[in-house]
Amino acid sequence: MSVWVIAEHRNGELREVTGELVAVARALGAGPVTAVVLGGPGETEAPAAGLPAGIDRVVRVEHESLAGFNGVAVAAALERVAARERPAVVLGAHSAAGMDWASALAAGLGAPVATDVLSLHRDDGGFLAVRTVYAGKLQARVRLAQAPTVVVTLRPGATEAAAGSAEVPAETEAAEVPAEVGRRFVEWIQEAAGEVDITQADVLVSVGRGIGDPEDLDVARDLAEALGATLSCSRPVVDLGWLPKERQVGISGKTVKPKVYIALGISGAFQHVTAMKDAGLILAVNKDPKAPIFRVSHYGIVGDLFKVVPELTKAVREAKG
């Protein structure tokens, strides 16, 4: 029995979600962890050298059709190797890439598949996945049918990433890919760099519809500035055009795990809570004592944010001298 982690990389750089996959794979206790790095000739060396600790074996799978990214070719290559070695779990990221190859691989292997999972556990000789349903309103426990191999994709940001360095020699093998896969990689089109990356912030001051007016965002900005924090928001604020999409926390935005999350005027819809509930400390300010955000908050203040927040800002500035 073994667990495969399909390493995500782009332009020679390993993506952070790979460390999260390794952490989940190691926690399963389902045998040795193998990192599989796929790419065109020469594309796998740098990512394989940067893998985190917790890996027992590294396999570099190379083929010219795997250059850049080609989900059809990835699924075909993985199917041939997995059919030979039969890992208990093939674990990938629920990313644009993972969504492309995972289901195709499962179909090719005749394997059960669970996508966009938050966590994965062993259960009665099989595996149990936890994932959200109904746009994040509920969590479902999905027991995968027992089979030689199961395929699972993990939502990025759902767990802490493994740290350290693997320091494991890599094996290299030429992939077996059909001569015609029906698709070819053309080029990467880089998304325009945003002003901020809220997923990397240690402290987030997040505003919701309760802020009332775009001009009142300065109340939250002042607190963020005093704390050295980053300003973020819930979906209604983006829908109203008050802040850009890159600052949205939520299922349709970004999943965040800052050390401190301050929610101002956010009611706490499931779609928002799912994406921030794992913050180290959550402080909520809302005038509605029944607001769902208080169910996940470590500290809650029931009150008018326009009275509470300036006092918080003043206290922070005084404490900093």
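Values as computed for the structure displayed
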read-out: A220 vs. criteria among the aliphatic types (A, V, I, L, M) and outside the structural domain of M276 (by TED's automatic domain parsing); value: no
read-out: Flag if S119 is part of a strand (DSSP E or B) and either in contact (Cβ under 8 Å) with a residue 60 or more places away in the chain or not assigned by TED's automatic domain parsing to the domain that holds L38 (or both); value: yes
read-out: Selection status of S103, under 22 Å from the mean Cα position of the chain (by Cα), surrounded by fewer than 21 Cβ atoms within 10 Å (Cβ to Cβ) and touching a residue at least 60 places away in the same chain (Cβ under 8 Å); value: no
read-out: Entirely in the stretch 11-100, the helices (runs of 4 or more DSSP H) that have 1 or more residues that are over 25 Å from D123 (Cα atoms) and not charged (D, E, K, R); value: 45-49, 71-85
read-out: Residue, farthest from G54 (Cα to Cα), within the stretch 145-186, restricted to residues that are assigned to a loop (DSSP other than H, G, I, E, B) and acidic (D, E); value: E180
read-out: Subset of the stretch 76-96 (residues that are surrounded by fewer than 22 Cβ atoms within 10 Å (Cβ to Cβ), within 17 Å of W4 (Cβ to Cβ) and within 24 Å of the chain's Cα centre (by Cα)); value: A88, H94, S95
read-out: Output for the stretch 122-132, where each listed residue is part of a loop (DSSP other than H, G, I, E, B) and either crowded, with 18+ Cβ neighbours inside 10 Å or modelled with pLDDT of 95 or more (or both); value: none
read-out: Count of the stretch 200-216 residues which are surrounded by fewer than 19 Cβ atoms within 10 Å (Cβ to Cβ) and either closer than 24 Å to D278 by Cα or in contact (Cβ under 8 Å) with a residue 12 or more places away in the chain (or both); value: 7
read-out: Tally, over the stretch 261-276, of residues that are closer than 13 Å to C233 by Cβ, outside any loop (DSSP other than H, G, I, E, B) and of a type in the set (A, V, I, L, M); value: 3
read-out: Conditions (1) within 30 Å of P156 (Cβ to Cβ); (2) touching a residue at least 40 places away in the same chain (Cβ under 8 Å); (3) not in a strand (DSSP E or B): number failed by V238; value: (2)
read-out: Matching residues, the stretch 150-170, being touching a Pro at 6+ places or on another chain (Cβ under 6 Å) and either outside the structural domain of V36 (by TED's automatic domain parsing) or modelled with pLDDT of 95 or more (or both); value: V150
read-out: Candidate set from the stretch 217-235 (those that are aliphatic (A, V, I, L, M) and in contact (Cβ under 8 Å) with a residue 60 or more places away in the chain); member that is nearest to F270 (Cα to Cα); value: A220
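One line per residue, one yes/no per condition, for (1) touching a residue at least 60 places away in the same chain (Cβ under 8 Å); (2) out of contact with any His (no Cβ under 9 Å at 6 or more places or on another chain); (3) assigned by TED's automatic domain parsing to the domain that holds V130:
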{"site": "H9", "(1), (2), (3)": "no, yes, yes"}
{"site": "E13", "(1), (2), (3)": "no, yes, yes"}
{"site": "P41", "(1), (2), (3)": "no, no, yes"}
{"site": "T44", "(1), (2), (3)": "yes, no, yes"}
{"site": "R60", "(1), (2), (3)": "yes, yes, yes"}
{"site": "V72", "(1), (2), (3)": "yes, yes, yes"}
{"site": "A93", "(1), (2), (3)": "yes, yes, yes"}
{"site": "A97", "(1), (2), (3)": "yes, yes, yes"}
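The values are calculated or read from the model by the stated rules, or taken from the named source; none is laboratory data. Everything quoted here is computed from the prediction, not taken from an experiment. Reconstructed Cβ throughout: ideal geometry from the backbone, glycine too, with neighbour counts over all protein chains shown.
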